[in-house]
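Q: Quick one: the structure is below, and I'll ask about it shortly.
The values are calculated or read from the model by the stated rules, or taken from the named source; none is laboratory data. Predicted model, so just to flag it, every value in this text is computed and none were measured. Cβ: placed from backbone, ideal geometry, glycine included. Neighbour counts: every protein chain shown. Please note that ligands, DNA and RNA were not included when accessible areas were found on the heavy atoms of the full protein model with its side chains. Shrake-Rupley method; radii C 1.70, N 1.55, O 1.52, S 1.80 Å.
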Amino acid sequence: MFCVATTELETKMNITKGGLVLFSANSNSSCMELSKKIADFSPPFLFSRRLGVEMGKVQVYQEPNRETRVQIQESVRGKDVFIIQTVSKDVNTTIMELLIMVYACKTSCAKSIIGVIPYFPYSKQCKMRKRGSIVSKLLASMMCKAGLTHLITMDLHQKEIQGFFNIPVDNLRASPFLLQYIQEEIPDYRNAVIVAKSPASAKRAQSFAERLRLGIAVIHGEAQDAESDLVDGRHSPPMVRSVAAIHPSLEIPMLIPKEKPPITVVGDVGGRIAIIVDDIIDDVDSFLAAAETLKERGAYKIFVMATHGLLSSDAPRLIEESAIDEVVVTNTIPHEIQKLQCPKIKTVDISMILSEAIRRIHNGESMSYLFRNIGLDD
């Protein structure tokens with residue numbers, strides 16, 4: 001009879017239980033670049049260790065009938081599984097790849113399943129719009145039901161999305177990397193002003209301005225976001241023309257319709273570098289309108305800083321033909337094709353912070369270090 005010493009067996013079990021497996025859930029090869037950088041990243045002196053793991057063996061592909069199939073090709077029993085998923089143009093396929101892989105790891109007895117989703121899809125649909133639905137809440141429920149035990153993401157469109165999950169959520173920030181880019185790559189940045197293209201972006205702009213010790217400007221007026229209160233759930237059911245149509249004795253004041261004021265810039269941008277900051281740049285119309293307004297007000301250079309560069313449709317061409325001098329985004333979303341179409345688009349690598357977050361969660365270390373020492377607390 002073959003026997004193994006108890007201490008040796010316990011050691012092997014501890015190694016298995018404490019093991020880390022890193023998977024990329026993308027079937028699209030262009031989306032795997034971030035996963036490779038996270039796995040192979042060699043951190044600077046600020047961090048004490050390197051993640052130094054190989055990517056786990058898995059096959060993710062589409063059947064001829066467009067069904068998604070996932071085949072995990074190594075044991076994940078008793079291990080901490082980190083699934084990195086970056087969003088491709090086919091966002092719904094991306095979601096199914098993630099859900100199927102999470103469920104496959106759950107049924108394969110993984111100890112924990114942590115999703116690393118730098119850009120959380122459907123995050124703009126986090127409020128009730130007329131008779132629509134809160135899709136990001138649905139997606140959060142699906143991820144939790146599939147077996148996700150923890151989520152690492154970056155710059156959620158609204159912080160309240162964390163409340164849609166019944167699992168821990170670490171909402172990291174890209175602002176330290178964008179701030180570093182401003183300081184190192186924009187000459188004479190001391191002559192810059194941080195701009196919010198709408199009042200909704202003012203808080204983010206204020207955070208950038210305070211850290212850089214710069215002034216702030218806010219564009220207010222006709223160029224407003226599509227996410228205004230005009231389309232939220234407070235206008236459902238539709239208003240009636242007469243109060244008496246509801247009930248003859250009920251006196252409900254009629255809602256005064258909103259009227260957009262003429263476009264104004266609150267703050268001085270004349271003779272300055274204007275840096276527009278936001279979390280997502282997708283449909284660029286509002287950014288182009290803001291750039292034109294800033295040019296008219298005397299700004300001589302215009303930069304756009306955003307965490308997630310979706311850059312859908314004709315965005316690269318429109319940016320190239322616009323008054324914007326440079327668009328800086330992070331690599332939470334692959335956009336190599338857009339960069340070829342528009343040299344104005346630049347990329348900042350944020351794999352460092354994701355790599356360190358994975359290492360700390362796997363080792364059971366506090367994440368507060370990242371938020372406190374690297375400026376992720378606002």
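Q: Which numbered condition trips up P176, out of (1) surrounded by fewer than 20 Cβ atoms within 10 Å (Cβ to Cβ); (2) modelled with pLDDT of 95 or more; (3) in a helix (DSSP H, G or I); (4) not β-branched (V, I, T)?
A: In the conditions (1) surrounded by fewer than 20 Cβ atoms within 10 Å (Cβ to Cβ); (2) modelled with pLDDT of 95 or more; (3) in a helix (DSSP H, G or I); (4) not β-branched (V, I, T), P176 misses (2) alone.
Q: Which ranges mark the strands (runs of 3 or more DSSP E) fully within region 1-113 that have 3 or more residues being at pLDDT below 70 and among the acidic types (D, E)? Give the derivation first.
A: Working: elements: 20-24, 58-62, 68-72, 80-84.
Output list is empty.
Q: Still on this structure, I have one more. Sort out which residues of region 154-166 are in a loop (DSSP other than H, G, I, E, B), open to solvent by 30 Å² or more (accessible area, probe 1.4 Å) and closer than 27 Å to T330 by Cα, and write them in order of number. Let's see the steps before the verdict.
A: Here is the first cut: in region 154-166, the residues in a loop (DSSP other than H, G, I, E, B) are 155-158, 165-166.
Applying the additional criterion that residues be open to solvent by 30 Å² or more (accessible area, probe 1.4 Å) yields 157-158, 166.
If the condition is that a residue be in a loop (DSSP other than H, G, I, E, B), open to solvent by 30 Å² or more (accessible area, probe 1.4 Å) and closer than 27 Å to T330 by Cα, then H157, Q158 are the ones that fit.
Q: Among the numbered conditions (1) crowded, with 20+ Cβ neighbours inside 10 Å; (2) within 18 Å of the chain's Cα centre (by Cα); (3) part of a helix (DSSP H, G or I), tell me where L151 comes up short.
A: So the condition that L151 fails would be (3).
Q: Just the residues that are assigned to a loop (DSSP other than H, G, I, E, B) and either of a type outside the set (A, V, I, L, M, F, W, C) or closer than 25 Å to S351 by Cα (or both), please, taken from region 125-148. Give the steps one after another, and end with the answer.
A: Quick first cut of region 125-148, residues assigned to a loop (DSSP other than H, G, I, E, B) only: 125-134, 147-148.
Scanning region 125-148 gives Q125, K127, R129, K130, R131, G132, S133, G147, L148.
Q: Here is a follow-up. Of the residues that sit in region 193-229 and are surrounded by 14 or more Cβ atoms within 10 Å (Cβ to Cβ) and at pLDDT below 50, which one is farthest from D155 (Cα to Cα)?
A: Of everything passing the filter in region 193-229, A223 is farthest from D155 (Cα to Cα).
Q: For region 284-300, how many residues meet the condition of being open to solvent by less than 10 Å² (accessible area, probe 1.4 Å) and either under 15 Å from A205 (Cα atoms) or without any contact (Cβ under 8 Å) to a residue 12 or more places away in the chain (or both)?
A: Going through region 284-300 one residue at a time, the tally reaches 2.
Q: Hey, among the residues in region 69-94 that are of a type outside the set (G, A, S), over 21 Å from G364 (Cα atoms) and open to solvent by less than 30 Å² (accessible area, probe 1.4 Å), which one's farthest from the chain's Cα centre (by Cα)?
A: Taking region 69-94 first, the residues of a type outside the set (G, A, S) are 69-74, 76-77, 79-87, 89-94.
Add one more test, that the residue is over 21 Å from G364 (Cα atoms), and what stays is 69-74, 85-87, 89-94.
From what is left, the residues that are open to solvent by less than 30 Å² (accessible area, probe 1.4 Å) are 70, 85-87, 93-94.
Numbers: V70: 25, Q85: 12, T86: 10, V87: 10, T93: 18, T94: 15 Å.
Of everything passing the filter in region 69-94, V70 is farthest from the chain's Cα centre (by Cα).
Q: Which one of these is modelled with pLDDT under 95, open to solvent by 20 Å² or more (accessible area, probe 1.4 Å), among the aliphatic types (A, V, I, L, M) and within 12 Å of K197 (Cα to Cα): I263, I246, I252? Spell out how you get there, then give the answer.
A: Details: I246 fails: within 12 Å of K197 (Cα to Cα); I252 fails: within 12 Å of K197 (Cα to Cα).
On inspection, the qualifying residue turns out to be I263.
Q: If the Cβ limit is 6 Å and pairs must be 6+ apart or interchain, which residue in region 144-166 that is farther than 21 Å from D80 by Cβ pairs with which residue that is open to solvent by 20 Å² or more (accessible area, probe 1.4 Å) and basic (K, R)?
A: Once the first residue is farther than 21 Å from D80 by Cβ and sits in region 144-166, its partners that are open to solvent by 20 Å² or more (accessible area, probe 1.4 Å) and basic (K, R) give H157/K124; F164/K137.
Q: I'd like the full set of residues that are at pLDDT 95 or above and either surrounded by fewer than 17 Cβ atoms within 10 Å (Cβ to Cβ) or touching a helix residue (DSSP H, G or I) at 6+ places or on another chain (Cβ under 7 Å) (or both), limited to region 301-315.
A: Selection gives I302, V304, M305.
Q: Right, I281: β-branched (V, I, T), over 20 Å from N191 (Cα atoms) and surrounded by fewer than 23 Cβ atoms within 10 Å (Cβ to Cβ) or not? Give the derivation first.
A: Working: β-branched (V, I, T): yes; over 20 Å from N191 (Cα atoms): yes; surrounded by fewer than 23 Cβ atoms within 10 Å (Cβ to Cβ): no.
Here the answer is no, as I281 does not meet what is asked.
Q: What are the residues in region 336-370 that are open to solvent by 70 Å² or more (accessible area, probe 1.4 Å) and assigned to a strand (DSSP E or B), if any?
A: K346
Q: Can S133 be described as surrounded by fewer than 21 Cβ atoms within 10 Å (Cβ to Cβ), touching a Ser or Thr at 6+ places or on another chain (Cβ under 8 Å), among the hydroxyl-bearing types (S, T, Y) and more than 30 Å from R213 (Cβ to Cβ)?
A: Details: surrounded by fewer than 21 Cβ atoms within 10 Å (Cβ to Cβ): yes; touching a Ser or Thr at 6+ places or on another chain (Cβ under 8 Å): no; among the hydroxyl-bearing types (S, T, Y): yes; more than 30 Å from R213 (Cβ to Cβ): yes.
So S133 does not fit the description; no.
Q: Okay, moving on. Quick check on my filter: what residues within region 180-210 are assigned to a helix (DSSP H, G or I), touching a residue at least 60 places away in the same chain (Cβ under 8 Å) and either on the phi > 0 side of the Ramachandran plot or in contact with a helix residue (DSSP H, G or I) (Cβ under 9 Å, 6 or more places away or on another chain) (or both)?
A: Within region 180-210, I182, Y189, R204, S207, F208 qualify.
Q: Further, regarding this structure: How about region 316-332: which of its residues are closer than 30 Å to V169 by Cβ, surrounded by fewer than 23 Cβ atoms within 10 Å (Cβ to Cβ) and either among the aliphatic types (A, V, I, L, M) or touching a Phe, Trp or Tyr at 6+ places or on another chain (Cβ under 7 Å) (or both)?
A: At the first step, the residues of region 316-332 found to be closer than 30 Å to V169 by Cβ are 327-332.
Then drop every residue that is not surrounded by fewer than 23 Cβ atoms within 10 Å (Cβ to Cβ), which leaves 331.
Answer for region 316-332, where residues must be closer than 30 Å to V169 by Cβ, surrounded by fewer than 23 Cβ atoms within 10 Å (Cβ to Cβ) and either among the aliphatic types (A, V, I, L, M) or touching a Phe, Trp or Tyr at 6+ places or on another chain (Cβ under 7 Å) (or both): there is none.
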